[in-house]
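Have a look at the structure below, then the notes.
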Amino acid sequence: MTLPRERPPFVADECTQLVGWLDMQRAIVQWKCEGLSEEDAHRPVLPASPLMTVAGVLSHLRWVEHCWFEVLFMGRSAAGNPQFDEEAEEDADMFADGVPTARLLDDYERQCRLSNEIIAAHSLDDVGRHPGFRSAQASLRWMVIHMVEETARHAGHLDAIRELLDGEKGYF
């Protein structure tokens, strides 16, 4: 699922525009991974943030998509998502040592596709269904906007990481 790095249409319904902005940020995340060696994708460049690697950010974004759309919105099981594992180390969703970048990208793309299917099948006014988490009380609209913010913030991290790794930079 290689997404185009294009802004959504100026005139469209709200869902098309919101998902369009989210897909554009997802495409930027994918782009920041292109051409990186496995070593560089897993190499930390920020001394105080050793998990903030390209691979770590990809892993995190995959689990955040799962968290908001499958668990909190749909009410599905949180099993397997390190964000919900109370015994896991802090930031365990960013652990990606030994996981090939291609697999991380595939997992992320698969999760994004599923998130888009969930969004397409519901009204933006629908609220989450998971009874065990206060955040599930948010509307789907709120969750999509949050994911635009979350993904864009991490795309910015990836932009800085990539420039530190090999000098590559750019927004589009």
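Here are the numbers:
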{"item": "Residue-level accessible surface for residue 45, protein heavy atoms, 1.4 Å, Å²", "result": "40"}
{"item": "FRET efficiency, 1/(1 + (r/R0)^6) with R0 25 Å, evaluated for residue 110 and residue 17 via beta carbons", "result": "0.55"}
{"item": "Of the DSSP H helices in the chain, those whose Cα atoms cover at least 27 Å axially and whose Kyte score averages -1.0 or more", "result": "14-33, 101-120, 140-166"}
{"item": "Calculated diffusion of the stretch 14-166, Stokes-Einstein form, Kirkwood radius summed over Cα pairs, 25 °C and 0.890 mPa s, µm²/s", "result": "155"}
{"item": "Carbon plus sulfur fraction of accessible area for the stretch 14-166, probe 1.4 Å, in percent", "result": "51"}
{"item": "Within the stretch 147-172: backbone nitrogen closer than 19 Å to the residue 46 label point (7 Å, Cα to C-beta)", "result": "147-171"}
{"item": "Accessible-area order (highest first, 1.4 angstrom probe) of the listed residues 140, 164", "result": "164, 140"}
{"item": "Charge-dipole axis of the stretch 35-124 as Lys and Arg at +1 and Asp and Glu at -1 on Cβ define it, positive-most pick from 49, 112, 102", "result": "112"}
{"item": "Accessible area per residue in Å² at 1.4 Å probe, computed on the chain", "result": "52"}
{"item": "Under 15 Å, Cβ to Cβ, from residue 74 - net charge with Lys/Arg +1 and Asp/Glu -1", "result": "-1"}
{"item": "Rounded FRET efficiency, nearest 0.05, which uses the C-beta distance separating residue 89 from residue 38 and R0 of 25 Å", "result": "0.60"}
{"item": "Alpha-carbon centroid distance for the pair the stretch 49-105 / the stretch 132-172, whole angstrom", "result": "13"}
{"item": "Among 134, 76, 62, residue whose mean-square fluctuation peaks in a GNM of the chain (springs only between Cα atoms under 10 Å)", "result": "134"}
{"item": "Peptides 7-17, 120-130 ordered by average Cβ neighbours within 10 Å, highest first", "result": "120-130, 7-17"}
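The values are calculated or read from the model by the stated rules, or taken from the named source; none is laboratory data. Predicted, not measured: the structure shown is a model, and the values here were computed from it. Using ideal geometry, Cβ is built from the backbone for each residue, glycine included, and neighbour counts are taken over all protein chains shown. Surface accessibility is based on the protein's heavy atoms, side chains included, excluding ligands, DNA and RNA. Shrake-Rupley method; radii C 1.70, N 1.55, O 1.52, S 1.80 Å.
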